[in-house]
Number of protein chains: 2
Amino acid sequence: MAAAPRTEADLIAWIRGRLGAARSVPVGPGDDAAVVRPRPGSDILVTVDACLEGRHFVLGGPGPGAATPRLAGRKLLARNLSDIAAMAGVPTFAVVSMTLRRDAPPRVAMGMFIGINALAREYGVALVGGDISAWDHPFALALTLLGETRGLRPVRRGGTRPGHRLFVTGALGGSILGRHLRFTPRVHFARALAARYRVGAMIDVSDGFLRDLGHLARESGVAAHVDLATLPVSRDARRLARMTGRAPLDHALADGEDHELIFTLPPGEAKRFAADRRLARAATLVGDIRAGRGLFSKTPRGPEPLREQGYDHLVV
Amino acid sequence: MAAAPRTEADLIAWIRGRLGAARSVPVGPGDDAAVVRPRPGSDILVTVDACLEGRHFVLGGPGPGAATPRLAGRKLLARNLSDIAAMAGVPTFAVVSMTLRRDAPPRVAMGMFIGINALAREYGVALVGGDISAWDHPFALALTLLGETRGLRPVRRGGTRPGHRLFVTGALGGSILGRHLRFTPRVHFARALAARYRVGAMIDVSDGFLRDLGHLARESGVAAHVDLATLPVSRDARRLARMTGRAPLDHALADGEDHELIFTLPPGEAKRFAADRRLARAATLVGDIRAGRGLFSKTPRGPEPLREQGYDHLVV
């Protein structure tokens, strides 16, 4: 590596040297705005998410949730990829706003950029621009990711109906032990799912399974009934439960930042899906959608209300 | 106004209630990502800029640069509008990431949103999504603005050639006295200019006239020669000069956040422009482009090098 960048101009030059050109990017970083060329006929998806030092990542330190700069950058893009996945879109272009902590050495910002860029290449995302500033407070990163629909209807939160079956990908809970930095955004799964099945509704689990399921149920005007015995509880949730004294299921229900996908399928589609060798193993049937409002646990005594718990950014 | 929002969900609901629907926005705020529909055949412009409390704005206080929350929000969008203007684009869609200072009352965030939204309506921009979080540090806002080319080639920084004439809009310097919060982004001017004239290069003055002119000259591989006597020095620059003891011209050359446009025209086009009753009065001829590298002042003794001065976010 050459000498560390000392000025904004140096850092931007360093970054520009690491970006590839793309035919779909007529003007990349270094002008007042980037120019990108979406595929003709595609609607554009737009999402933005932040990563704040001390909140979404802690640099260094001994804990299992401690991040390197690369992992912090990776997480910033991964969170946004998960949002595009939840709409069944193809991620395409990103711009990033990096507010740097002034006392951090330049390699920290460089590491963050490397983390973003490596994941961007993996998912075919072109990093087309950004903004850099510095202050005497923690790192504040925000990334805006564009995506394209490319022939598939975006899957909304509000599209599920009574009778639909409820699924979730992966396993839930305990992501704070490290998975929140390393999770796989379900971009390819979501795209394949929406290409083959009529998906009712879909949402990514960022604020906790119950809270995000609550969003989906509310937007759809329905009730969601969950068979808690079938919920895929992650090994991390079990490990974390030994540390917190809470039940592993609690962690699976309420922990944030799983970035798995909750989705629903009409009954016939759900049957077809169960027999899908390529996709079915990535998701678990955990309940169904019924008329009414709210979240319920299926019990031998009938449905019992579930309290919507999870993460509210202004309250917690 | 109803009761102040206490949770993220409340605040988002309050914001959603203030946003209009648009035919070009199939999915607005409230899903995992927004869906927007650009005009067919248009390339997409993308830019991002941050506004940081204590750096780009100070809330309250007695100084002339003190901002209300509305002005802080206004500035956040205005900076991005200026970037789209500098490419001769039409601004279209925006997403905003708001990181709130936890001890600030909800009306501060609401005021910021109102400031963004009012200017957005003025420029036909649809606010289609965002992300809200809170922490124990100053407000950190970042906004990503999309635009469309709509039949005009984007005007780059690198397109000017020896012989072109050099112009700047408005008047320069002293924006810290308040104009940095209230400036008019030159969106309509830039669009009209690029529709009628073959513009060589264009850039907006965010880091100071000389620094941004330096960017333009460097990207174009040319030298810029400025007749300092013709530079439009703002009344604010004169007022500020009385406070700082520096020359008004120094402020016009080096102060940041003017958000005027520097642009160049080939000689024939410049002549035509000078006779343009609608546009010419908005800009001043301040020099020309010559072969070579760097920035020069025209003097009776010939060209004298100008030091590129202004704002580097990591150094100052």
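Readers should treat all values here as calculations from the given coordinates under stated rules, not as data from a laboratory. Keep in mind that this is a model prediction, so the values were computed, not measured. Reconstructed Cβ throughout: ideal geometry from the backbone, glycine too, with neighbour counts over all protein chains shown.
Might you report the magnitude of the Cβ-based charge dipole of the stretch B:8-148 about its Cα centre, with Lys and Arg at +1 and Asp and Glu at -1, to the nearest 20 debye?
Numbers: 14 positive and 13 negative charges, 89 e Å.
Here the size comes out at about 420 debye.
How big is the stretch B:165-305 by the Kirkwood estimate over distinct Cα pairs, in Å? Before the final figure, lay out each step's value.
Values: mean 1/r = 0.0656 Å⁻¹.
Hydrodynamic radius (Kirkwood, Cα pairs) of the stretch B:165-305 is 15.2 Å.
Can you sort A:THR184, B:THR47 from fewest to most other Cβ atoms within 10 Å of each residue's own Cβ? Please report the intermediate quantities before stating the final value.
Values: A:THR184 17, B:THR47 29.
The most exposed by this proxy come first: A:THR184, B:THR47.
How crowded by other chains is B:20-29, given as the mean number of beta carbons from other chains within 10 Å of each beta carbon? Mind showing how you got there, number by number?
Numbers: counts 0, 0, 0, 0, 1, 2, 6, 8, 0, 0.
Neighbouring Cβ atoms belonging to other protein chains average 2 per residue here.
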- Principal-axis tilt of helix B:69-86 within chain B, Cα atoms, nearest 10 degrees: 50
- Query: Helix A:106-122 sits at what angle to the longest principal axis of chain A, using alpha carbons and giving 0 to 90 degrees rounded to 10?
  - Reply: 50
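When only C-alpha pairs under 8 Å and at least 6 residues apart count, what is the relative contact order of the stretch B:165-305, in percent? Could the numbers behind the result be given before it?
Values: 277 pairs, mean separation 63.9, N = 141.
Averaging sequence separation for qualifying contacts and normalising by length gives 45 percent for the stretch B:165-305.
Provide the convex hull volume over Cα atoms per residue for the protein assembly as shown, in Å³.
Values: hull volume 101.9 nm³, N = 632.
So the per-residue hull volume is 161 Å³.
Given Cα positions, please report Rg to Rh for the stretch A:8-148, the hydrodynamic radius being the Kirkwood one. The partial results should precede the final answer.
On the way: Rg = 14.9 Å, Rh = 15.4 Å.
In the stretch A:8-148, Rg relative to Rh is 0.97.
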- Query: Sorted from fewest to most neighbouring beta carbons within 10 Å, what does the list B:MET87, B:MET110 look like?
  - Reply: B:MET110, B:MET87
- Partner shielding of A:214-220, as the mean number of partner chain Cβ atoms within 10 Å, equals 1
- Item | Partner chain coverage, peptide B:94-106 - average Cβ within 10 angstrom | 3
- Per-residue HN-Hα couplings for the stretch A:5-11, Karplus 6.51 cos²θ - 1.76 cosθ + 1.60 at θ = phi - 60°, whole Hz, x for Gly and Pro? x, 10, 10, 4, 4, 4, 5
- In Hz, Karplus ³J(HN,Hα) per residue of the stretch B:127-144 (6.51, -1.76, 1.60; θ = phi - 60°; x = Gly, Pro): 7, 10, x, x, 8, 10, 9, 9, 8, 8, 10, x, 4, 10, 10, 9, 10, 10
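Of all trypsin sites (Lys or Arg not before Pro) in the stretch A:151-236, which ones are in loop regions per DSSP and have a Cβ with at most 15 other Cβ atoms within 10 Å? Kindly include the intermediate steps, with their values, before the conclusion.
Values: sites: A:ARG156, A:ARG157, A:ARG165, A:ARG179, A:ARG182, A:ARG186, A:ARG191, A:ARG196, A:ARG198, A:ARG211, A:ARG218, A:ARG235; in loops: A:ARG156, A:ARG157, A:ARG186, A:ARG198.
Here the sparse-neighbourhood loop sites are A:ARG198.
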- Task: Among the GluC sites (Glu not before Pro) in the stretch B:226-316, which ones are in a DSSP loop with at most 11 other Cβ atoms within 10 Å of the Cβ? Mind listing them?
- Result: none
- Once normalised by the length of chain A, the mean sequence separation of its alpha carbon contacts under 8 Å that are 6 or more apart gives a contact order in percent of 20
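Of the beta bridges DSSP finds with both residues in chain A, what % are antiparallel, to the nearest 5? Walk me through the intermediate numbers first.
Numbers: 39 of 56 bridges.
Restricted to chain A, the bridges split so that about 70 percent are antiparallel.
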- Please determine, in degrees from 0 to 90 and to the nearest 10, the orientation of helix B:209-220 with respect to the longest principal axis defined by the Cα atoms of chain B, where the helix direction is its Cα long axis. 80
- Query: Which percentage, to the nearest 5, of the DSSP beta bridges contained in the protein assembly as shown is antiparallel?
  - Reply: 70
